[in-house]
Structure formats: C-alpha cells, structure tokens
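The values are calculated or read from the model by the stated rules, or taken from the named source; none is laboratory data. Remember, predicted model here, so these are calculated numbers, not experimental data. We place every Cβ from the backbone using ideal geometry, glycine too, and count neighbours over all the protein chains shown.
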Amino acid sequence: MNLTKSAAEYLQKQLGLSQDETEVIRYGMQAVFYSLAGILTICFIGWLLGCFWTTVTVALTAGSLRLLSGGAHSSSAVVCNLVGMVVAPLLAKTAEFAAKQVSQPQLLLIITIGALFSLLIFYLLAPVDSAAKPITSEHEQRKFKYLSLTLASFLFVVQIALTLLGRYPAFVLAVSLGSCWQAFTLTKAGHLIAAKIDHLLIRRC
C-alpha cells in the first residue's frame with residue numbers, strides 16, 4: 001500500500017533504518033491497517049444488518065481462538081477481510097434467529113455439542129501454523145495447544161453459566177458458532193474451502 005510504504009520510508013529517513021528494517025516496519029503497518037480495517041468493516045456490516053453485538057461476539061471469539069490455534073490462511077489480507085465480512089455477520093444472524101427458536105435444554109445441548117467439537121479439533125490439530133510464521137518448537141506447539149484448549153474451555157463454562165441463568169441466549173450461540181467456525185478452519189476441509197475462495201477472489205480482482 002502506498003500509505004504504509006510512504007510512512008515506512010519516512011521512518012527510514014528519520015531513524016536511519018536499513019532496508020530490511022524498513023520492510024519489517026512496513027509489513028507490520030500493513031498488518032495493523034488490514035486488521036483494523038477488517039474489524040471495523042465487520043462491525044459496520046453487523047450494524048447494517050441489525051446484529052452488531054452478536055457480530056462482535058462471533059468475531060472476538062473466532063479471532064481470539066485464531067491467535068492461539070492458527071488455521072487456514074489466505075494469501076491476501078483483502079480476501080481474508082472479505083471472508084470475515086460475510087462469515088461473522090452471517091453467523092451472528094444465525095445465532096439471533098436460533099436463539100428465539102430453542103428452549104433452555106436445547107440450548108445447553110447445542111453449546112455442549114459445539115464445545116465438544118471445538119475442543120476435539122483443537123486437541124487434535126492445534127496449532128496450525130502458516131508457511132510465513134511456522135512454529136518449529138515442540139514446546140511452543142504444546143503451549144499454543146494448551147492455551148487454545150484453556151480458552152475454549154473457559155468460554156464453554158461462561159456459556160453454561162449464562163444459559164443456566166437464562167441470560168443472553170443469542171450471545172451464547174454466537175460464541176458457539178464463532179468457536180466452531182475457528183475449529184473448522186483448522187481442518188483439511190477448512191483449508192480446502194479457504195484455498196478455493198482465495199483462488200476465486202484473487203483471480204477476479
């Protein structure tokens with residue numbers, strides 16, 4: 001991007017950075033910019049569809065678990081943001097609709113099945129790294145697996161508590177859908193779908 005390139009070149013001149021250091025800074029700026037743009041866009045779409053807070057819940061659940069467990073990656077940050085713009089609001093709307101249709105016992109069953117699915121996938125597959133950021137240390141792999149399982153378990157406990165209290169069923173379901181979506185991105189099927197979407201969108205760009 002021209003903006004991040006100009007900013008990185010300005011810092012290079014002011015701080016006397018090498019070309020490699022400048023490229024690292026530029027990459028970091030791009031990552032921050034695309035992340036912020038993705039979050040704001042997802043929230044805006046959720047707001048337009050009338051499901052702002054459930055969209056935020058899905059995005060935060062999937063995003064926080066993704067930081068620890070990894071998953072399928074797009075070769076383009078733009079494509080990654082586009083997928084997020086579709087998936088998060090769609091899952092949020094699904095959560096809001098389903099929350100009105102299910103009883104408390106049914107909700108408990110749904111979130112339990114969702115949690116077991118997510119925990120099983122995280123246990124078997126996490127962390128799934130990328131070629132750009134490989135995790136080569138066995139200790140690091142164990143650490144990220146443990147953290148993924150810990151966070152998923154904590155979210156499940158919170159869901160159970162809220163359900164038993166009869167509070168926020170739409171948010172409870174949003175957490176389940178966000179967790180299951182993130183778990184799905186770790187699987188071969190998730191990687192295959194991500195690759196097909198990546199190829200289709202990049203080819204049309």
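Test of understanding: among Ser137, Ser118, Ser153, which residue is touching a residue at least 60 places away in the same chain (Cβ under 8 Å) and among the polar types (S, T, N, Q)?
Values: Ser137 fails: touching a residue at least 60 places away in the same chain (Cβ under 8 Å); Ser153 fails: touching a residue at least 60 places away in the same chain (Cβ under 8 Å).
Exactly one of Ser137, Ser118, Ser153 is touching a residue at least 60 places away in the same chain (Cβ under 8 Å) and among the polar types (S, T, N, Q), namely Ser118.
Taking every residue in the range 74-90 that is under 12 Å from Leu40 (Cα atoms) and among the polar types (S, T, N, Q) and pairing it with any residue that is crowded, with 18+ Cβ neighbours inside 10 Å and modelled with pLDDT of 80 or more, at least 6 positions away or on another chain, the pairs with Cβ-Cβ distances below 6 Å are Asn81/Gly38.
A quick yes/no check of all residues on (1) over 14 Å from Gly190 (Cβ atoms); (2) in contact with a strand residue (DSSP E or B) (Cβ under 7 Å, 6 or more places away or on another chain); (3) in contact (Cβ under 8 Å) with a residue 40 or more places away in the chain:
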position	(1), (2), (3)
Ala62	no, no, yes
Gly70	no, yes, yes
Lys93	yes, no, yes
Glu96	yes, no, yes
Gln104	yes, no, yes
Ile113	yes, no, no
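Restricting attention to the range 59-84, and to residues there that are out of contact with any Ser or Thr (no Cβ under 9 Å at 6 or more places or on another chain) and of a type in the set (Val, Ile, Thr), which single residue is surrounded by the most Cβ atoms within 10 Å (Cβ to Cβ)? Restricting to residues being out of contact with any Ser or Thr (no Cβ under 9 Å at 6 or more places or on another chain) and of a type in the set (Val, Ile, Thr), the top hit is Val79.
I'm checking my understanding of the structure. Among residues of the range 156-180 that are of a type outside the set (A, V, I, L, M) and without any contact (Cβ under 8 Å) to a residue 40 or more places away in the chain, which one is farthest from Ala62 (Cα to Cα)?
Going through the qualifying residues, I end up with Arg167.
So which residues in the range 164-190 are outside any loop (DSSP other than H, G, I, E, B) and either within 14 Å of the chain's Cα centre (by Cα) or not assigned by TED's automatic domain parsing to the domain that holds Gly114 (or both), if there are any at all? Once the filter is applied, which keeps residues that are outside any loop (DSSP other than H, G, I, E, B) and either within 14 Å of the chain's Cα centre (by Cα) or not assigned by TED's automatic domain parsing to the domain that holds Gly114 (or both), the range 164-190 yields Ala174, Val175, Ser176, Leu177, Gly178, Ser179, Cys180, Trp181, Gln182, Ala183, Phe184, Gly190.
Each row is one residue, and each column tells you yes or no for (1) surrounded by 14 or more Cβ atoms within 10 Å (Cβ to Cβ); (2) charged (D, E, K, R); (3) modelled with pLDDT under 95; (4) under 17 Å from Val87 (Cα atoms).
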| residue | (1), (2), (3), (4) |
| --- | --- |
| Ala131 | no, no, yes, no |
| Pro169 | yes, no, no, no |
| Leu186 | yes, no, yes, yes |
| Leu200 | no, no, yes, yes |
